[in-house]
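Have a look at the structure below before the remarks.
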Amino acid sequence: MSVVNPVRSAVILIAVAGVVAAVAPLVLDQISDPGLPSAVRNRLTAEQDAKREADRRHSYNPAMSLGNSADPLLITRGLQVPPTIDAVTGVYADAYSSMLNFPAYSVERFVQRLRFQQAEATFDIVQAQAKGTLVGFAFGNTLTREAHWWDDLEPAEDQEPDVDLDQPMFLLRQLAVMREHRRRGVGRRLHDAILADRGEPRASLLVRPNNPARRLYLKWGWQTVGHLQPYPDAPRFEALVLDLAS
């Protein structure tokens, strides 16, 4: 599983921020103003929909138990409850121990990406705890057409990517489980928890073609749409999408 470059994301967010700042004085009723430029109206509508969905999801009880009362695994949502960013980083360092020497996978870069993405309105994270210890997590955020996520996509051979760019899409940026707790279904439960009852019709993720997790994603219904290298020192990832509406 991979994450995307905070620098590239920052460029996108700065551009969006400029539009939002220009229309900040507008109230909700003015979105229907016929004199409002369509691009601004579309942006305001998308911003409101994303914020509404984020508010809905984070209005849940932050600690939700999956399974029966005898199940030792607890799934929690959000960083507003323990574990903290430090604990999440510890899981990442363990899960990616063999990759940490590569700049794109360093702990420092991970922390930068996590803090940057956490500031986004649609950021969502679920965490798995076993006997009070964090053992895994998954996080991501909502993408809209304005994010230009697919601009550099290399479509799969003889195949046009079946991706509706006009619809919001949840980007599953990272899923990690500590090595000691793998092959116990933790990853699948994190995967299902963060994708359950989402408002976006589809989800996307990037995975290294030689990552053993790729086989699991395909088994769970994800489909390949092409390849993407999100930033210069990143590998060439396989881009997958999953229909959440079915």
- line: Expected single match for surrounded by fewer than 18 Cβ atoms within 10 Å (Cβ to Cβ), of a type outside the set (S, T, N, Q), at pLDDT below 95 and in a helix (DSSP H, G or I) among Asp86, Asp164 is Asp86
task: Run down Arg183, Arg145, Arg115 and say which single residue is of a type outside the set (Asp, Glu) and surrounded by 14 or more Cβ atoms within 10 Å (Cβ to Cβ).
output: Arg145
message: I need every pair where a residue in segment 103-116 that is farther than 14 Å from Ala234 by Cβ has its Cβ under 6 Å from the Cβ of a residue that is polar (S, T, N, Q), sequence separation at least 6 or different chains.
response: Val111/Thr89
- prompt: Going by the conditions given, is Trp222 surrounded by 14 or more Cβ atoms within 10 Å (Cβ to Cβ) and closer than 30 Å to Leu73 by Cα?
  reply: yes
message: So, Leu100, is that one part of a loop (DSSP other than H, G, I, E, B) and within 22 Å of Leu228 (Cα to Cα) or not?
response: yes
message: Suppose we keep only residues that are of a type outside the set (Gly, Ala, Ser) and modelled with pLDDT of 95 or more within segment 195-207. Which one would you say is surrounded by the fewest Cβ atoms within 10 Å (Cβ to Cβ)?
response: Leu195
- line: Subset of segment 187-209, residues touching a helix residue (DSSP H, G or I) at 6+ places or on another chain (Cβ under 9 Å) and part of a strand (DSSP E or B), comes to Ala203, Leu205, Val207
message: Condition check: assigned to a strand (DSSP E or B) and either modelled with pLDDT of 90 or more or exposed (fewer than 14 other Cβ atoms within 10 Å of the Cβ) (or both). Does Ala239 satisfy that?
response: yes
- prompt: Taking the condition more than 13 Å from the chain's Cα centre (by Cα), β-branched (Val, Ile, Thr), under 18 Å from Ala213 (Cβ atoms) and crowded, with 17+ Cβ neighbours inside 10 Å, does Val126 pass?
  reply: no
- prompt: Mind checking whether some residue in segment 179-186 is small (Gly, Ala, Ser), modelled with pLDDT under 95 and outside any helix (DSSP H, G or I)?
  reply: yes
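The values are calculated or read from the model by the stated rules, or taken from the named source; none is laboratory data. Computed from a predicted structure; not experimentally measured. Every residue, glycine as well, gets a Cβ built from its backbone with ideal geometry; the counts of neighbours run over all protein chains shown.
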